Amino acid sequence: MRSPDPALTVHKFGGAALADAAAIRRVTSIVAQDPAPQKVVVASAMLGVTDELLGVAHEAASNETVGGTIDALRERHLAVLHSIGLDGRSNTPLQARLDEAFDELRHLCVEIAKGGELTPAMTDAFVAHGDRIAARLLAAALTANGTVAEFVEATDVVRADGPHGNASPDIEQTTQAAEKVLRPMIDRGVVPVVPGFIGRSPRGEVVTLGRGGSDLTATLLGRVLAARDVILWKDVPGLLTADPRVVPDARLIPVLHVREASELAYYGAKVLHPRSLIALQAGTRLIIRPYADPAAHGTEIVVERERKPATGRTRRPVKALTAIADQTLLTIAGNGMVGVPGVAARAFGALERAGVSVSLISQASSEHSICMGIPTTAANAAAAALRDAFAAELARREIDAIEVRPDLATIAVVGLGMAGTPGVAARLFGALADEGVNVVAIAQGASELNISVVVEGRDAAAAQRAIHSAFRLGKIGGGAAVHPEHADVVILGFGQIGRELATQIATHSSRASEQVQARVVAVVDRSGYVFDARGLSSKRLEALNAAKSARTPLSSVRRGVRAIAEEAIAAISAHALSRPILVDVTAGDTGSVLEAALSHGMDLVLANKRPLAGPEKDARALANAVASQGRRLLHEATVGAGLPIIDTIQKLTESGDQVLRIEGCPSGTLGYLLGEMGRGTSFSTALHSAMKHGYTEPDPRDDLSGMDVARKALILGRLIGFSGELTDVQVESLVPEPMRELPLDVFLNRLHEADEMWEQRVREARDHRTVLRYRATVTKREARVGIVAVDASSSLASLAGTDNHFSFTTRRYRANPLVITGPGAGAAVTAAGVLNDVLKLAGTR
Ligand code: ADP
Ligand code: ASP
Ligand code: MG
């Protein structure tokens, strides 16, 4: 039956695609640009027209005057005609046809009013005009644009049977009609333009295929003509993970299995007519594509099943969700039903005879009750049919009652991989419980393709958003039932500490006996970023380390992306990451990047002092953002590198103690420098060696100026109640006045100019049996940092290398302060401090 070549495309344009003249012009160019040698176009009524026609028909039935509305509809169509330039002489027949259609509509209104009742047959005959008029208009517009196109009456091609308003196509008869009517046209190179939604019944009447029926017309024609592609042109990028009007972060699904798409359509996804996929068959691709971006991929609905991974379980079993509003639950309950066969069958039989379609069935294994979800519009008829069918049981009290519960909605979670994947239901109900949504009924099909829950109608939107976010359907790679336990780390700043941290995380996870606790998914520098949602392997990190050490920016390495940090965060966050953490190991003003990370759901770990030691209002804003987003921020490495300083203050405070004063040497850099000079090394040599060991900030004047220590003092101060700015910290700078503003390289070249002054200062101290230390003193009221000469026998004097020293005077440790001493500078200990925070957040410490 298939004739594969030449390729034929069926294009379907819905209401939105035909909203106005501009939209219609766009449609004509889409058709013109399709390279397929054979084309068929299906058109639905223009935007909102079917609804308006239905309204008019109802008004006519209740004897209201409708002439004005019909005139307005006519004007709207004429205006489009005019603005496409179809009102010239050559289009007189088209204008005549439009006039005929509107005369006919007026005539039908008189008939309806006379009959005093709107029959389904009349409704069909009435609304069918909307799609017909649009198709005529489109055919003329296509012709005017150079496409050889002709309008074809849908009733000459589409044969359908079943109830008015919801008829089903007859494939065999439609095939015959299409071969007779459409095929010769197509073979002649003509593009037939067929109104969607409409068919002809065996009685010769116009029937409609149900709301949104032009989707079905398109797949039907695709099938009977063995089309290669059926393209439904929509106002959305394709089929999305949820209704975008309800769930704003719904995402495009690039490929979807036909069974999944059917399920979504059946359970209310407006984007596809519920029965449109029945007509699809292997060999034809069904594509949903945005008319606003004709080159976009859109969604392809495939008949072949997606390959499963070797484990037999799909990692991302959940594809999408949808909802049907205005549902009513009918419950047949009673003790007399237990063990009695045939109750369900009789119930469904009765509902079928009443023409009610059941969206959901649920029966507890006790068989005490059966409940069924049906459209509220059918509730009265359905309840009456059941009462009738079970009249005898009701009289004998074997059935207590037929309960009717309106104002509900059915939400369906859909995905082929749900079969055999544990945890889907748990996550679904967990999400609803967290949102405070009460579940009225539950059903899971045996195919496990779908889990449906019935909720109160007013909860439906919140429930959809909660489920969508629980399965992270808004993210690339979302849809997993069980989320991994490890943390995905994004390293901001790939200098010495960043590279050391990457190595430490990789080493840690290769050593960890249980599961991986943390992995690096991205590294970001000033130029751009490198990202892999599966984690960057140790080998890859090594290569990146090497590239960065050779001064290659990340944007220039293989698969590096050029971007500013905020863009990098946004791009990375589009993926379904596990407990994402942004680690800031830069020395820059990263406030806006941190804010972006928080808003994308990342926790923060800072080694960068600036965001916490800047203006107090910024530091407070950051803390507020962390709190309001329910995120966490750790920054142990901002003070004392890996030493547990912040942690100690927090533990003391949490246990009811109060830190009154912190005093110490929080600069490993200056400690090292003063120590080396104390041993007779010159200032310039000592500084160069500190830089070589990675003990200094990128510009060593940040250390020498005392500003780095001042920032630490401010961070500590803010933790114990000091309210002030960096300018309120008294700072003694070790950079000679004339050298403060020099460019870095000039400054480094002229370091030796300060050697003599330092030699003298160190000698003087030694003469007084003291040593020089750079000390910070912080209380609630003041913060100051500067050089002091301490007694050669004191504990501060005995600090060696990059050792830091902190003493905490608290209410409990008043006479004898609590002291923490240890190495406080260098990439290794700083990275270790960061790693510790990361692991804490990852939940393993
Ligand atoms: P047409 O113009 O072809 O008749 P519809 O308006 O019937 O198109 O369908 C498109 C609309 O469906 C979108 O504008 C969107 O609001 C709605 N919709 C509901 N669920 C989804 C979904 N899962 N994916 C895409 N769109 C959806
Ligand atoms: N015009 C019809 C309706 O609004 C068919 C369609 O749009 O697909 O339902
Ligand atoms: Mg539609």
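Looking only at residues in segment 194-225 that are open to solvent by 10 Å² or more (accessible area, probe 1.4 Å) and more than 14 Å from ligand 1 (Cβ to nearest atom), the one that is nearest to Ala462 (Cα to Cα) is Arg223.
Looking at segment 353-363, which of its residues are assigned to a loop (DSSP other than H, G, I, E, B) and surrounded by 15 or more Cβ atoms within 10 Å (Cβ to Cβ)?
Quick first cut of segment 353-363, residues assigned to a loop (DSSP other than H, G, I, E, B) only: 354-359.
Ala354, Val356, Val358, Ser359 - these are the residues of segment 353-363 that are assigned to a loop (DSSP other than H, G, I, E, B) and surrounded by 15 or more Cβ atoms within 10 Å (Cβ to Cβ).
Please pick out the residue among Ala350, Ala378 that is in a helix (DSSP H, G or I), free of Cβ contacts under 8 Å to residues at least 60 places away in the same chain and touching an Asp or Glu at 6+ places or on another chain (Cβ under 8 Å).
On the way: Ala378 fails: touching an Asp or Glu at 6+ places or on another chain (Cβ under 8 Å).
Only one candidate passes the filter, namely Ala350.
With respect to Ile186, is the statement that it is in contact (Cβ under 8 Å) with a residue 12 or more places away in the chain, out of contact with any Gly (no Cβ under 6 Å at 6 or more places or on another chain) and within 16 Å of ligand 2 (Cβ to nearest atom) true? Let's see the steps before the verdict.
Numbers: in contact (Cβ under 8 Å) with a residue 12 or more places away in the chain: yes; out of contact with any Gly (no Cβ under 6 Å at 6 or more places or on another chain): yes; within 16 Å of ligand 2 (Cβ to nearest atom): no.
Criteria not met by Ile186.
The sole residue among Asp243, Asp293 that is open to solvent by 10 Å² or more (accessible area, probe 1.4 Å), away from ligand 1 (no atom under 12 Å from the Cβ) and outside any helix (DSSP H, G or I) is Asp293.
So that you can scan it fast, the table gives a plain yes or no per residue for (1) outside any strand (DSSP E or B); (2) at pLDDT below 95; (3) more than 16 Å from ligand 1 (Cβ to nearest atom):
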residue: Arg2; (1), (2), (3): yes, yes, yes
residue: Val10; (1), (2), (3): no, no, no
residue: Ala23; (1), (2), (3): yes, no, no
residue: Ala45; (1), (2), (3): yes, no, no
residue: Leu53; (1), (2), (3): yes, no, no
residue: Glu64; (1), (2), (3): yes, yes, yes
residue: Arg74; (1), (2), (3): yes, no, yes
residue: His77; (1), (2), (3): yes, no, yes
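Before we move on, is Gly336 at negative phi, at pLDDT below 90 and of a type outside the set (Phe, Trp, Tyr)? Here the answer is yes, as Gly336 does meet what is asked.
Identify all residues within segment 321-338 that are among the aliphatic types (A, V, I, L, M) and not in a strand (DSSP E or B); write none if there are none.
Our first condition is that a residue be among the aliphatic types (A, V, I, L, M); within segment 321-338, this holds for 321, 323-325, 329-330, 332-333, 337-338.
Within segment 321-338, Met337, Val338 qualify.
Would you check which residues across segment 32-53 are surrounded by 17 or more Cβ atoms within 10 Å (Cβ to Cβ) and within 16 Å of ligand 2 (Cβ to nearest atom) and list them? Passing the criteria: Val40, Val41, Val42, Ala43, Ser44, Ala45, Met46, Leu47, Val49, Thr50, Glu52, Leu53. In segment 274-286, of all residues being out of contact with any Ser or Thr (no Cβ under 7 Å at 6 or more places or on another chain) and open to solvent by less than 50 Å² (accessible area, probe 1.4 Å), the one that is modelled with the highest pLDDT corresponds to Thr284.
Condition test on Ala36, is it of a type outside the set (D, E, K, R) and assigned to a helix (DSSP H, G or I)? Considered against the rule, which asks whether it is of a type outside the set (D, E, K, R) and assigned to a helix (DSSP H, G or I), Ala36 comes out as no.
What do you reckon, is Thr241 within 14 Å of ligand 2 (Cβ to nearest atom) and touching a strand residue (DSSP E or B) at 6+ places or on another chain (Cβ under 9 Å)? If you could, list the steps in order and put the result at the bottom.
Values: within 14 Å of ligand 2 (Cβ to nearest atom): no; touching a strand residue (DSSP E or B) at 6+ places or on another chain (Cβ under 9 Å): yes.
Taking the combined requirement at face value, the residue does not satisfy it.
Right, Val49: away from ligand 1 (no atom under 16 Å from the Cβ) and within 30 Å of Ala113 (Cβ to Cβ) or not? Break it down into steps so the answer makes sense when it comes.
Working: away from ligand 1 (no atom under 16 Å from the Cβ): no; within 30 Å of Ala113 (Cβ to Cβ): yes.
Judged against the criteria, Val49 is not a match.
Considering only residues in segment 226-240 that are farther than 24 Å from Ala412 by Cβ and either open to solvent by 30 Å² or more (accessible area, probe 1.4 Å) or among the small types (Gly, Ala, Ser) (or both), the one that is nearest to ligand 1 (Cβ to nearest atom) turns out to be Ala227. When Asp243, Asp229 are checked against the criterion of being under 26 Å from Asp34 (Cβ atoms) and either acidic (Asp, Glu) or more than 15 Å from ligand 3 (Cβ to nearest atom) (or both), Asp229 stands alone in meeting it. Selection of helices (runs of 4 or more DSSP H) fully inside segment 607-679 by the criterion of at least 3 residues being open to solvent by 40 Å² or more (accessible area, probe 1.4 Å), charged (D, E, K, R) and out of contact with any Cys (no Cβ under 6 Å at 6 or more places or on another chain) returns 616-628. For segment 160-178, the set of residues classified as out of contact with any strand residue (DSSP E or B) (no Cβ under 7 Å at 6 or more places or on another chain) and either of a type in the set (Ser, Thr, Tyr) or free of Cβ contacts under 8 Å to residues at least 40 places away in the same chain (or both) consists of Glu172, Thr175, Gln176, listed by residue number.
For segment 88-126, filtered to residues that are β-branched (Val, Ile, Thr) and open to solvent by 50 Å² or more (accessible area, probe 1.4 Å), the residue that is nearest to Asn63 (Cα to Cα) is Val110.
Could you pull out the residue among Ala72, Ala19, Ala57 that is touching a residue at least 60 places away in the same chain (Cβ under 8 Å) and either within 16 Å of ligand 3 (Cβ to nearest atom) or open to solvent by less than 70 Å² (accessible area, probe 1.4 Å) (or both)? Walk me through it before giving the result.
Working: Ala72 fails: touching a residue at least 60 places away in the same chain (Cβ under 8 Å); Ala19 fails: touching a residue at least 60 places away in the same chain (Cβ under 8 Å).
After ruling out the rest, the residue left standing is Ala57.
The residue that is farthest from Ala463 (Cα to Cα), counting only those in segment 393-425 that are at pLDDT 90 or above and small (Gly, Ala, Ser), is Ala395. Just wondering, is there one or more residues in segment 255-268 that are within 16 Å of ligand 3 (Cβ to nearest atom), open to solvent by 50 Å² or more (accessible area, probe 1.4 Å) and either part of a loop (DSSP other than H, G, I, E, B) or closer than 24 Å to Ser29 by Cα (or both)? So far as segment 255-268 goes, no, none of its residues is within 16 Å of ligand 3 (Cβ to nearest atom), open to solvent by 50 Å² or more (accessible area, probe 1.4 Å) and either part of a loop (DSSP other than H, G, I, E, B) or closer than 24 Å to Ser29 by Cα (or both). Of the residues making up segment 417-449, those that are under 21 Å from the mean Cα position of the chain (by Cα), within 24 Å of Pro248 (Cβ to Cβ) and surrounded by 15 or more Cβ atoms within 10 Å (Cβ to Cβ) are Val424, Arg427, Leu428, Phe429, Ala431, Leu432, Glu435.
Considering only segment 138-154, I want to know if a residue exists there that is of a type in the set (A, V, I, L, M), farther than 24 Å from Ala23 by Cβ and either away from ligand 2 (no atom under 16 Å from the Cβ) or out of contact with any Cys (no Cβ under 8 Å at 6 or more places or on another chain) (or both). Walk me through it before giving the result.
Restricting attention to segment 138-154, the residues satisfying the condition of being of a type in the set (A, V, I, L, M) are 138-142, 144, 148-149, 152, 154.
From what's left, farther than 24 Å from Ala23 by Cβ: none.
No, because not a single residue in segment 138-154 is of a type in the set (A, V, I, L, M), farther than 24 Å from Ala23 by Cβ and either away from ligand 2 (no atom under 16 Å from the Cβ) or out of contact with any Cys (no Cβ under 8 Å at 6 or more places or on another chain) (or both).
One residue stands out in segment 474-526 among those that are among the charged types (D, E, K, R) and at pLDDT below 90: the one that is most open to solvent (accessible area, probe 1.4 Å), namely Arg511.
So, in segment 115-130, exactly how many residues are within 16 Å of ligand 1 (Cβ to nearest atom) and over 16 Å from Ala167 (Cα atoms)? Matching residues across segment 115-130 total 1.
Just to be sure, is Arg188 at negative phi and either within 15 Å of ligand 1 (Cβ to nearest atom) or buried (at least 23 other Cβ atoms within 10 Å of the Cβ) (or both)? Considered against the rule, which asks whether it is at negative phi and either within 15 Å of ligand 1 (Cβ to nearest atom) or buried (at least 23 other Cβ atoms within 10 Å of the Cβ) (or both), Arg188 comes out as no.
Scanning segment 164-179 for residues that are under 16 Å from Arg211 (Cβ atoms) and either surrounded by fewer than 15 Cβ atoms within 10 Å (Cβ to Cβ) or small (Gly, Ala, Ser) (or both) yields Gly165, Ala167, Ser168.
The values are calculated or read from the model by the stated rules, or taken from the named source; none is laboratory data. It should be emphasised that the depicted structure is a prediction, and the values quoted were computed from it without experimental measurement. Quick reminder, even Gly has a Cβ in these numbers, built from the backbone with ideal geometry, and neighbours come from all protein chains shown. In case anyone asks, the SASA skips ligands and DNA or RNA and just uses the protein heavy atoms, side chains included. Shrake-Rupley method; radii C 1.70, N 1.55, O 1.52, S 1.80 Å.
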